[in-house]
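Reviewing the structure listed below.
Quick note: the coordinates plus some simple rules give every number you see, no bench work behind them. Source: prediction; values computed, not measured. No Cβ is skipped: glycine too gets one built from the backbone with ideal geometry, and neighbour counts run over all protein chains shown.
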Amino acid sequence: MGFSQEKLSSESGLSQTSISQIENGVTMPSKKTIEKISKALNVPEDVLYIMGIKGEDIPESRRQIVDQLLPKIKELAVQLMDERKREVIK
């Protein structure tokens with residue numbers, strides 16, 4: 001995403017420790033935390049939810065299609081984040 005944990009901490013008001021724990025899968029962020037991170041990154045909350053989807057989150061009966069689609073969806077989400085980031089910098 002191009003943000004260091006320190007910068008994301010500063011922009012979101014969350015501690016750097018909390019961000020590290022979320023990034024490393026130690027804790028799951030609350031809805032309020034996701035709101036803060038999405039505002040700091042200037043992306044819709046939905047993008048963060050998409051980026052957090054893992055195979056085990058999907059029912060077995062749907063995994064094949066999700067395995068095919070999810071990489072492209074995540075790629076598009078990253079592009080959206082990059083575009084939004086460039087808009088903020090301008």
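Along segment 57-63, what does the Karplus equation 6.51 cos²θ - 1.76 cosθ + 1.60 (θ = phi - 60°) give for ³J(HN,Hα), rounded to whole Hz, x for Gly and Pro?
Those phi angles translate into 6, 9, x, 3, 5, 10, 4 Hz.
Output the direction-averaged projected area (hull surface divided by four) of the convex hull of the alpha-carbon atoms of segment 1-41, in nm².
Result: 2.5 nm².
List 78, 26 from most exposed to least, where exposure is judged by having the fewest other Cβ atoms within 10 Å. Could the numbers behind the result be given before it?
Working: 78 15, 26 10.
If I rank by nearby Cβ atoms, fewest first, I get 26, 78.
So, R0 is 25 Å and r is the distance between the beta-carbons of residue 7 and residue 58; what FRET efficiency does that work out to, to 0.05?
The value I calculate is 0.20.
If packing is taken as the average count of other Cβ atoms within 10 Å, what order do 62-69, 45-52 fall into, highest mean first?
Working: 62-69: 11.0, 45-52: 15.0.
The densest-packed peptide leads the list: 45-52, 62-69.
Of all the C-alpha pairs in segment 5-89, what % are more than 21 Å from each other?
Cα-Cα pairs in segment 5-89 separated by more than 21 Å: 36 percent.
Between residue 35 and residue 51, how many nm apart are label points set 7 Å from Cα along the C-beta direction?
1.9
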